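The values are calculated or read from the model by the stated rules, or taken from the named source; none is laboratory data. The structure displayed is predicted, hence computed values, not measured ones. All Cβ positions, even for glycine, are placed from backbone atoms using ideal geometry, and neighbour counts span all protein chains on display. We work out accessible area using only protein heavy atoms, side chains counted, and drop any ligands, DNA or RNA first. Shrake-Rupley method; radii C 1.70, N 1.55, O 1.52, S 1.80 Å.
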Amino acid sequence: MVTIIQGTTKKPISAQRLANFFEDHTKYDGFLYIGYPIIGTAEGPYPIDALLVSKSKGLVVFCLVEGRDISGAQNAQDDSYNKLESKLRAHKSLVKGRNLQVPINPVTFASAREDAVNFSKEEYPICNDASLEAWLDNCQWDDSSHFESLVAVIQAISTIRKGRKKRDVQKPDSRGAKLKRLEDSIANLDNLQGRAVIETVDGVQRIRGLAGSGKTIVLALKAAYLHAHHPDWKIVVTFHTRSLKGQFRQLINTFIIEQTNEEPDWENIQIIHAWGAPGGGDRNGLYYSFCQSYGVEYHDFGSAKRNFGQGKEFEGACQKALIECSSPIGIYDAILVDEAQDFPPAFLQICYEMLKPEKRLVYAYDELQNLSSQSLPSPEKIFGSYSDGTPRVRFIQNQPGKPKQDVILEKCYRNSRPVLVTAHALGFGIYRTPNADIGTGLVQIFDHNQLWLDVGYEVTGGELADGNDVTLSRSEESSPNFLENHSHVDDLIQFCCFDSSEEQAQWVVQAIQANLSEDELRPDDIVIINPNPLSTRSAVGPIRKLLFEHKIKSHLAGVDTSPDVFFDADCASIAFTGIYRAKGNEAGMIYIINAQDCYSSFGNLASVRNQLFTAITRSKAWVRVLGIGREMRLLMQEFEHVKKNEFSLHFRYPTKEERKSLNIVNRDMSENERQRILKKKDDLTQLLDDLEAGRVYPEDLGGDQLNRLKSLLNGGG
């Protein structure tokens, strides 16, 4: 069966007829791209009308005729053939000697011409709906061994690998060799990723996916595709983590050159941070641009903190800007938002208001990488309603043959199954010692249990329903085996507890020395993460000092480098980072130090668990979770339960009431709120002690206060 991916086309009727043909003829295989690819030529970008990439047929390039005029059919076929052949010949993986290893079959599809067969020639075939099947059946590709390479080239994914420094490995089973094989295996986009890149709707599009499901790559490809098709459009790509900027710029630049043979017009495609500040250039940001464009007051972080409180800085600033701007006029044609889980809904509203009437807003997110523990509401709640109560944005159900408005990327291509399940188990607190007050150790849980299935889990025991025991596991389909088969499971993920930070530092340095001298890893294959963002600079100092004494270069990302850069340009230095800069980045070997800080935290337990989840999921192959003392040992006990359950999640699904209690008990609190509640708890403990000791009598409290207390304890308001 052919997977149809609908891109931008100026020939909608004939394109739809072609899509209908392949929906009706399920015997064919491969991908049908409509409005894709765009080929960079000396004359500029050349869009292909439609392309079938098939294991059995090779390439079939369709020249679509919208209407009845077929006078230019031969020239169109020649142009498409020559430009496509030229593109493919540039890739050694598709050429043997002087011969291209992929057959290219050009054909004109004139669906409105019932007499098409009368004009068809062997060298220049012209088909309609009735004759296309017979012509296609004569196309054969006898040796499809180059299919994977062909798809990588067509999807422009092969160009990602070109930009990397060549990996030099000598030992076939070294970590470096295993990492190389892993990188080579992740060559192509899957169906859902391909759709997410090319299919764009007029309106809001949401892309959800786990860490490692390819959201950043998809957004970069999508921005490049839109720019190549519409070079005059004003497009913005925005994000939360500043170190993503360099990655986005490199990816988009590569993809646009691949598609157009020209540098991007950086005036029309902007990669800017969400917040921004005065000064222009790299300091520009979308919120700042909104304030400047519509003449409303701008708040920097300090000002926002003073005005709206700690933890509400960006939310307060965005809400105020929206209130003060009564009639925004659309500036941009498309805005793409990465890491949307880290933004308040008001920021997405700002993005929406800055768009022209088509409202092409694409936002991608992973619920569990939210470091503030606030969930992103539904689109209806984010974008509000018109005066008659009708939602401004409402997702329609995905329909066959139509671009998808809501895309879920269920496959994880970065983390192996054991690593990902461990991250989920610790992030949710699946095997955490139950809290006596609420009867469960869970820290947080999806409001809608269907989401577990959407992100690639399957029920392998019990029932996924409120109040029932359930076992959730990942299948080979959602977590490919090749991600874990390269190493023993005890090597994929390890937890270690130390008696002191000095002991931890010594262990990390010895392990890194072995990685570089014996394992054939490069410095940029290694990242050390300290989850607590406030202590990172001091926490990593002793380890960096020891590395320096062993002549191993290191840097603190965003401090020793530009805030927009994560790895050093020469790939010769090991990156240290706090959790916020780690987001969006990845490496073969991840060391998480001081993980004990993520075991428990009054007032922000969900946040510290999400920090641990995010840190673990930065790993492309191996992860070492290290820490000190009792809380690290308790964290290790949770991991032992994960192993004992063979890397499945076995737990009782909380009821609606229990989920409500979870959200209250584990909610995020400001520092003032935490201190106030801790003081009240102390006061209450003191009062209870005095009552039990007879130092205070209930009657001393007064009848009115006693009745109010009884009412609250009995569930009254």
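Stretch C571-N707 to full length: gain in nm at 0.36 nm per residue minus the Cα-Cα span?
Length gained, C571 through N707: 42.1 nm.
Using θ = phi - 60° and the Karplus form 6.51 cos²θ - 1.76 cosθ + 1.60, what ³J(HN,Hα) does each residue of the range 550-561 get, whole Hz, x for Gly and Pro?
Coupling constants for the range 550-561: 9, 6, 10, 6, 8, 8, 9, 4, x, 10, 7, 10 Hz.
Work out the length of the dipole vector of the range 274-415 about its Cα centre, built from +1 on the beta-carbon of each Lys and Arg and -1 on the beta-carbon of each Asp and Glu, and round it to the nearest 20 debye.
With only Lys, Arg, Asp and Glu charged at Cβ, the dipole is about 200 debye.
So, R0 is 45 Å and r is the distance between the beta-carbons of Q74 and T390; what FRET efficiency does that work out to, to 0.05?
0.30
Going by the alpha-carbon gyration tensor, a ≥ b ≥ c the square roots of its eigenvalues, is the range 269-391 rounded (a/c under 1.5) or, if a/c is not under 1.5, prolate (a/b greater than b/c) versus oblate?
Rounded shape, in that the Cα axes give a/c under 1.5.
Using packing as a proxy for protection, rank 210-222, 686-698 so that the peptide with the highest average count of other Cβ atoms within 10 Å comes first.
Those peptides, ordered most packed to least, come out 210-222, 686-698.
Using the crude model of +1 on Lys and Arg Cβ and -1 on Asp and Glu Cβ, and no other charge, please compute the dipole size for the range 582-710 relative to its Cα centre, in debye to 20.
720 debye
Given axes a ≥ b ≥ c from the Cα gyration tensor, I'd like to know whether the range 44-183 is rounded (a/c under 1.5), prolate (a/b larger than b/c) or oblate.
prolate
Contour minus end-to-end for E699 and Q399, with contour as 0.36 nm per residue of separation and end-to-end as the Cα-Cα distance?
101.2 nm
Take a quick pass over the range 248-405 and tell me how many lysine pairs come in under 17 angstrom between Cα atoms, counting only ones 8 or more apart or on separate chains.
4
Compare I677, I256 by solvent-accessible area with a 1.4 Å probe and give them largest first, with all protein chains kept in place.
I677, I256
How large is ³J(HN,Hα), in whole Hz, for each residue of the range 643-657 in order, when computed from phi with the Karplus curve 6.51 cos²θ - 1.76 cosθ + 1.60 and θ = phi - 60°, using x for Gly and Pro?
Values per residue, Gly and Pro as x: 5, 4, 8, 6, 6, 10, 9, 10, 6, 8, 6, x, 6, 4, 5 Hz.
Given N residues in the range 528-591, what is its alpha carbon radius of gyration divided by 2.2 N^0.38 Å?
Normalised by 2.2 N^0.38 Å, the Cα Rg of the range 528-591 equals 1.03.
Go ahead and estimate [θ] at 222 nm for the chain from helices alone: -39,500 (n - 2.57) per DSSP H run with n ≥ 4, summed, over the residue count, rounded to 500.
-11500 deg cm²/dmol
For the chain, give the share of DSSP beta bridges that are antiparallel, in percent and rounded to the nearest 5; count only bridges with both residues there.
Of all bridge pairs located within the chain, approximately 30 percent are antiparallel.
For K710, list the lysines whose Cα falls under 27 Å from its own Cα; do not include residues on the same chain fewer than 8 positions away.
Within the straight-line cut-off, K710 pairs with K656, K660, K679, K680, K681.
Which of the lysines could be linked to K27 by a straight reach, that is with a Cα gap under 20 Å, when you skip same-chain ones fewer than 8 residues away?
K55, K57
Using a 1.4 Å probe, how large is the accessible area of I104, given in Å² and rounded to the nearest 10?
Surface open to solvent at I104 totals about 20 Å².
Suppose every Lys and Arg Cβ carries +1 and every Asp and Glu Cβ carries -1, with no other charges. What dipole size does the chain come out with about its Cα centre, to the nearest 20 debye?
980 debye
Using a 1.4 angstrom probe and counting only protein chains, how large is the accessible area of H448 in Å², to 10?
Taking all protein chains as shown, H448 has close to 140 Å².
May I ask you to evaluate 6.51 cos²θ - 1.76 cosθ + 1.60, the Karplus curve with θ = phi - 60°, for each residue of the range 299-306 and list the ³J(HN,Hα) values in order in whole Hz, giving x for glycine and proline?
Karplus values, whole Hz, x for Gly and Pro: 10, 7, 4, x, 5, 5, 5, 5.
How much length is gained if the chain between L688 and Q140 is pulled fully straight, taking 0.36 nm per residue apart and subtracting their Cα-Cα distance, in nm to one decimal?
188.8 nm
What's the FRET efficiency of A90 with E657 using the Cβ-Cβ distance as r and R₀ = 60 Å, to the nearest 0.05?
0.45
Relative to the longest principal axis of the C-alpha atoms of the chain, give the angle of the C-alpha long axis of helix 501-517, reported between 0 and 90° and rounded to the nearest 10°.
Long axis of 501-517 versus the principal axis of the chain: about 20 degrees.
Which Cα, out of C139, L182, Q74, lies furthest along the positive dipole direction of the chain (beta carbon charges, K/R +1, D/E -1)?
Going by the Cα projections, it comes out as L182.
Using modelled amide H (1.01 Å from N, peptide plane; none on Pro or chain starts), what sits under 5 Å from the amide H of W275, excluding residues fewer than 5 places away?
Amide H to amide H, under 5 Å and 5 or more residues apart or across chains, W275 pairs with L286, Y287.
Could you tell me the calculated FRET efficiency between E503 and Q310, based on Cβ-Cβ distance and R0 = 35 angstrom, to the nearest 0.05?
The formula returns an efficiency of 0.50 here.
Between E358 and Q450, what is the label-to-label distance in nm when each label sits 7 Å out along the Cα-to-Cβ direction?
3.0 nm
How many Å² of accessible area per residue for the range 268-315, probe 1.4 Å?
With the other protein chains kept in place, the range 268-315 gives 48 Å² per residue.
Setting aside same-chain residues fewer than 8 positions from K551, which lysines have a Cα under 20 Å from its Cα?
Partners found: none.
Taking a ≥ b ≥ c as the square roots of the eigenvalues of the Cα gyration tensor of the chain, is the shape rounded (a/c under 1.5), prolate (a/b larger than b/c) or oblate?
prolate
Could you tell me how many degrees, from 0 to 90 and to the nearest 10, lie between the Cα long axis of helix 244-260 and the main elongation axis, the longest principal axis, of the Cα atoms of the chain?
Computed tilt is about 10 degrees.
Rounded to whole Å, give me the distance from the Cα center of the range 488-532 to that of the range 1-58.
47 Å
Enter the angle in degrees (range 0 to 90, nearest 10) between the Cα long axis of helix 417-428 and the first principal axis of the Cα atoms of the chain, meaning the one along which they spread out most.
The angle comes out at about 40 degrees.
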